[in-house]
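The values are calculated or read from the model by the stated rules, or taken from the named source; none is laboratory data. All values derive from a computational prediction rather than experimental measurement. Backbone-built Cβ (ideal geometry, glycine too); neighbour counts: all protein chains shown. SASA here: full protein model, heavy atoms, side chains in, ligands and nucleic acids out. Shrake-Rupley method; radii C 1.70, N 1.55, O 1.52, S 1.80 Å.
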Amino acid sequence: MSTIKITFDDKMYETEPGLTVIQAADRLGVFIPRFCYLEKLSPLGGCRMCLVTLKGVPKLQTACTTPAKDGMEIITRSEEIHKARKAMLEFQLAQHPLDCFYCDKATECDLQDLTYLFADIEHRYDFPPHKRGTVYENRLIERNLERCVHCERCIRVCGEIQGAHAVNATKRGRVTEMREVPGGGECQYCGHCIDVCPVGANLDRLFTYGGRPFQMEMGDSICPYCGCGCTVSLNMRDEKLVRVRPGVDTGVNKGSLCARGRFGWGFVHDPARLTRPLIRKEGKFVEAGWDETLLYVATRLEKIIKEKGPGVVGGIGSVRSTDEANYLFQRFLRTVIGSNHIDSSARLNYAAALAGWLGTKEDAREATFENVREAHRVLVIGADPLETNPILGLAIKAMQNRGGTLWITDPRVTLTTRLSNRHFPISAGAEVPLILALARAGLKDPSLSEFRDTDLAARTGLSSEDLAELAAFLEEDAAKTVILAGRGVTQAPFGATAISLLLRLAATKGASYLFTLDKNNERGSCEMGVLPDRLPGLAPLSEKARFEKAWGGRIPETPGYSAYEMLQAAREGKLSALYIMGENPLVDFPDTKFVEEALGSLDFLVVQDLFRTRTASMADVVLPAASFAEKSGSFTNLEGRVQRFPSLIPTEEGVRADARILVELSRKMGKGFALKNIASLRAEIDSLVPMNGTRRKLEVMGPPLSLPGAEMHWGPGEDPDYPYVLLLTSSLYRNGSMSNRAVGLKKAQQKACVLLNEGDAAVLKTGEGDKVMLISKYGEIQVGVKLCHEIPGGTLQMPEGFSDANPKSLLPHELDQVSRTPMARFVRVKIRKI
Amino acid sequence: MQGTMTAKFSEEMLKRIEEILKRYATKRAAVLPVLYLAQKEFGCINDTALAAVSRALKISRADVYGLATFYSMFHEEPLGRNVIFLCDNLACTLLGAESLRDHLEKKLDIRMGETTADGRFTLKNAECLGACGQAPVMLVNDDFYEGLTEARIDEVLEKYK
Ligand code: SF4
Ligand code: SF4
Ligand code: SF4
Ligand code: FES
Ligand code: FES
């Protein structure tokens, strides 16, 4: 690469071309003060703190907007420059309230630091103070209008990076105020405007007066919410979390976080956290000691195994817990209990994607976040990354900012469809026929010849021109194309088959792919062998000898039940005991009634969790588990990155990490794991799963997947008794029991609501805020109405994950025959006004 | 926010917006003329107007709000039936705008920025109206009046009911 030569203060440097003067200075370690410049934002040139002299140019120039050119001679220190910068600072200070004493930004404030640097600042202005005060219009961010230095970093970060455009300069002039629109509603609570503010004008309201930096300890961890796996910096005071921030431009998130990562930590210190094991005695929970409880669990399990054999015991591992705990969990089930009935809620998504991957011979390139940022085209099928995986969403926005194009096929109206350059509104449940049509166009595979394009087009609801354009989208520029797929595909009938076709398509064209994963360790739990038919590293059961040798026990030969098969078996009396680690199927699994009956039919249910969830309330034994902040281990993100994190706060007395519970229980059952700590556990995993994360495609591959019949129907069909189609959506502000215990997320959005078309609302005579009852064949829920002009008549949209109204209880649990994943994207309902 | 998903322009205004959009390369560029229509339709730039503009032009409400609060001729509160803009910049001030302001305030029994109880007039100050040669000047709705005196003002205001 060519370089340019520039001179700073008579010293010659070489640097890369294409930088501004301030960028070159930063790279070379030359100091230039600034308020408005920030590398990740477009230059503004507003604060004039960065003034420098360019030799040969009469007036001072702003270093942040001046391109550095070969041969340029720049002066950064002189009497003139000092005076000019000081004058700018004087101007800022003339209106500043100087309330550093109780400003949460103090000691981390650029205005303080620069004032300290310039020290002898005059105060010649005698403006009347602008009593603009502080506004609390945003439920999570305090905006102190008086401290603002008008650098507009908040406006730019909100528009350019977050894409929310929620904050803008209002009443521009002498009293410019950085405000949201009255009534708000556009902020996505990423909190990025807090981090970039050079002063204490945007502050975290969950933190207010939480402590000075020197009173806090800070440590990096991994966000426990979604599959992005963002790096979070936990701030602790007196061993309690007081704030979460992104690391300084570290991790996959590069200095961004979403609302969950930043404001969702409240569950860690929620008073409802379990701190003592509970044993059900005569129908009631009583607190017990750990020793007693684990002995009780061991005895009950041993008795059941003795009477009915190990095949009546199953386990649900956790998409929330660490790789290490999941590894131990399946080892416990397989060798201590002797059962392959192991699964997790990854069955609802990633397990189906994995089934598709395992059934594909061709090896398509898996994308990284970086690939998405640098892509030219992204095609999203049946996913809403802006809600499920917000930081992946930001990578897509960054791609668009660089001129890239986002196309999406989705029956719903979502944040991602709104962001897209083109939205193809397919019919509900039409992801699979769409992929079949794309595969027919792109693969020329004779086995697809029984499908007719016109039939497929009719089922997708798109015109054949649209389909042709979509097919053509994948033909060009494939090396810079990323295909993103999510639950719209994985939760469809023949979803795994469709994934397999999509991967073949990607491999054939040379495009790369990624799956959106709602939960933080969906991928890790599967890769650690929390699957009924796969061992750690996705090894097939035929490789079991290697594991038996290492574990010193026997692994059953035949695959076990998947999640819903376990529940079905429980209902039929074929499964007597279930051990659930960190999952809440009663809320997170479709068909609540079915799940409840199944759990109710068990002889013995153990639930290990942070909270007494609805599932835990049905248990015979509840074991209080540690949160991510209180344990160490690793999570595997949606790219397959295995990210380790340390334990940063001590566990409460009575709470134990998942892995420790499993080790101790194994000892009580007389087959104790010889493990000292997480490091030795990690070493064991690494020895058994070489190159954890990079899967050995050919060795683990399964047989190709069967295709649906040409007559197959996918959509919700017709039913005059249930005239509306309810489409399930995802919400940034909730994805399970932790989020429902996080005060910050509850502030961001209090309750779930159902989106209803304006015209439908008029017919139903209901309006915004009214309560309605949604009734399906499987259940009913009560929920508030929100009107929407974008969604088509006859459809409703409602988010999953809110504890106040759970649309999963409206769903059936029909399973896909390949992946055993329930189809859970839509259901027919009727609406009753209340 | 309540109702922001449903706020919209009337069919007639939407047609006029279509026409306006033809003149610009991007929707964002049309925000000022569209805000002007919104003020006509909704009486002022209130939440509904902001939401309707945002929906019509696909830009955020905060961005519309930032613009609307910069230009003094967009109002967040509903105005009287007639709006008086009295210039208070240099030339007009030198030629007596201050005493005209006092006169108007007294006559209408309101302060600058306020609306009469019967809703007949709103009194606003204006930045230079670009007619310094004829100072002092005022604007009543879309009509321009120059070389003002107290008597002339009394006479002019009679025309506006
Ligand atoms: S929190 Fe994020 S979305 Fe909200 S105003 Fe700040 S930058 Fe914008
Ligand atoms: S609020 Fe902070 S980031 Fe925004 S303009 Fe003011 S000083 Fe800059
Ligand atoms: S994108 Fe996912 S991992 Fe990142 S902060 Fe948000 S919830 Fe956490
Ligand atoms: S940093 Fe250059 S003008 Fe603000
Ligand atoms: S100062 Fe009044 S018109 Fe110019």
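Some points to look at:
- Selection from B:L67, B:Y24, B:L35 lying farthest towards where the dipole of the range B:2-70 points positive, charges on Cβ: B:Y24
- Sparse-neighbour loop sites [chymotrypsin sites (Phe, Trp or Tyr not before Pro); the range A:169-235; at most 14 other C-beta within 10 Å; DSSP]: A:Y209
- Estimated dipole of the range A:216-269 in Debye, rounded to 20 [Cβ of Lys and Arg +1, of Asp and Glu -1, Cα centre]: 220
- Set against the 2.2 N^0.38 Å expectation for a compact globular protein, the range A:596-718 has a Cα radius of gyration ratio of 1.49.
- Shape summary of the range A:168-287, radius of gyration then Dmax from alpha carbon positions: 18.8, 72 Å.
- Nonpolar atom fraction for the range B:81-161, defined as the carbon and sulfur part of the 1.4 Å probe accessible area, stands at 48 percent.
- Size descriptors for the range A:65-206, from the alpha-carbon set: Rg then Dmax equal 16.8, 52 Å.
- Mean separation of Cα pairs under 8 Å and 6 or more residues apart, divided by the residue count, gives chain B a relative contact order of 18 percent.
- Euclidean distance of C-alpha centroids, the range B:16-78 and the range A:175-215, integer Å: 27
- 13 Å tail of the calculated P(r), the range B:82-158, as % of Cα pairs: 61
- Using a Förster distance of 51 Å, the FRET efficiency for A:E652-A:K765 (Cβ separation, nearest 0.05): 0.50
- Magnitude of the charge dipole for the range B:2-70, about its Cα centre and with charges confined to Cβ atoms of Lys, Arg (+1) and Asp, Glu (-1), is about 240 debye.
- Inverse of mean 1/r across different Cα pairs in chain B, Kirkwood, Å: 17.1
- Separation between Cα centres of the range A:125-165 and the range A:369-384, rounded to whole Å: 32
- HN-Hα J in Hz across the range A:651-666 - Karplus 6.51, -1.76, 1.60, θ = phi - 60°, x for Gly and Pro: 6, 4, 3, x, 9, 9, 5, 3, 4, 5, 4, 5, 4, 5, 5, 4
- Ranked order, A:S647, A:S627 - accessible area, probe 1.4 Å, largest first: A:S647, A:S627
- Those residues of the range A:554-581 whose amide nitrogen sits under 11 Å from the label point placed on A:K671, 7 Å along Cα→Cβ: A:554-556
- Sites matching GluC sites (Glu not before Pro) across the range A:448-493 that sit in DSSP coil, with at most 12 neighbouring C-beta atoms within 10 Å: A:E450, A:E475, A:E476
- Amide H contacts under 5 Å for B:N125: B:L86, B:G113, restricted to partners 5 or more places along the chain or on a different chain, H placed in the peptide plane at 1.01 Å from N.
- The relative contact order of chain A, computed from alpha carbon pairs under 8 Å that lie at least 6 residues apart in sequence, is 13 percent.
- About its Cα centre, the dipole of the range A:654-813 is roughly 1340 debye, where the only charges are +1 on Lys and Arg Cβ and -1 on Asp and Glu Cβ.
- Protein-protein interface of the range B:56-79, residues with accessible area decrease of at least 10 Å², isolated chain reference, 1.4 Å probe: B:S60, B:R61, B:A62, B:D63, B:Y65, B:G66, B:T69, B:F70, B:E76
- Solvent-accessible surface of protein heavy atoms, probed at 1.4 angstrom with all chains present, puts A:R487, A:R546 in the order A:R546, A:R487, largest first.
- Cut-off 12 Å between beta-carbons: net charge of the residues surrounding A:R820, Lys and Arg +1, Asp and Glu -1: -4
- A cut-off of 5 Å between modelled amide H atoms, ignoring neighbours fewer than 5 places along the same chain, links A:L517 with A:G227.
- Whole-Hz couplings from phi, Karplus 6.51/-1.76/1.60, listed for the range A:349-360; x for Gly and Pro: 7, 5, 4, 6, 4, 5, 4, x, 5, 5, x, 10
- Pairwise Cα distances in the range A:705-834 exceed 19 Å for 53 percent of all pairs.
- Trypsin sites (Lys or Arg not before Pro) within the range A:1-40, DSSP loop, no more than 11 other Cβ atoms inside 10 Å: none
- Heavy atoms of B:M112 accessible to a 1.4 Å probe, total area in Å² rounded to 10: 50
- Degrees, to the nearest 10: A:431-443 long Cα axis against longest axis of chain A: 80
- Placing unit charges on each Cβ (+1 for Lys and Arg, -1 for Asp and Glu) gives the protein assembly as shown a dipole about its Cα centre, and among A:C47, A:I279, A:A710 the Cα reaching farthest toward its positive end belongs to A:I279.
- Shape of the range A:216-269 from the C-alpha gyration tensor: oblate (a/c of 1.5 or more and a/b not above b/c, with a ≥ b ≥ c the square roots of its eigenvalues).
- Note on A:169-180: average number of Cβ atoms from other chains within 10 Å of each residue's Cβ is 3.
- Near A:C151, no amide H atom lies under 5 Å from its own; only residues 5 or more places off or on other chains count, and H is placed 1.01 Å from N.
- Derived scalar couplings ³J(HN,Hα) [the range A:230-236; Karplus, 6.51 cos²θ - 1.76 cosθ + 1.60; whole Hz; x for Gly, Pro]: 6, 7, 10, 9, 8, 9, 10
- Structural descriptor for the range A:1-61: relative contact order 18 percent, calculated from alpha carbon pairs under 8 angstrom and at least 6 residues apart.
- Nearest 10 degrees, 0 to 90: helix B:11-22 Cα axis against chain B principal axis: 90
- Local electrostatic count at B:V34 - Lys and Arg +1, Asp and Glu -1, tallied over other residues with Cβ under 12 Å: +4
- Surface composition of chain A: carbon plus sulfur atoms contribute 51% of the solvent-accessible area (1.4 Å probe, protein chains only, all chains present).
- The range B:2-70 - Rg (one decimal) and Dmax (whole number), Cα, Å: 10.7, 33
- Orphan Cys of chain B, criterion: no other Cys C-beta under 4.7 Å: B:C44, B:C128, B:C132
- Relative intensity, log₁₀ I(q)/I(0), of the protein assembly as shown from a Debye sum that treats every alpha carbon as a point, q = 0.05, 0.06, 0.08 Å⁻¹: -0.37, -0.52, -0.88
- Using a probe of 1.4 angstrom and keeping all protein chains present, the accessible surface of the protein assembly as shown works out to 40 square angstrom per residue.
- Interface area, A with B, accessible, probe 1.4 Å, both sides summed, Å² nearest 100: 1800
- Dipole of the protein assembly as shown, positive direction: furthest Cα of A:P822, A:G429, B:L50, with charges on the beta-carbon: A:P822
- Neighbours of B:K58 by Cβ distance under 15 Å: Lys/Arg scored +1, Asp/Glu scored -1, total +3.
- Cα-based shape type of the range A:468-598, given that a ≥ b ≥ c are square roots of the gyration tensor eigenvalues and the cut on a/c is 1.5: oblate
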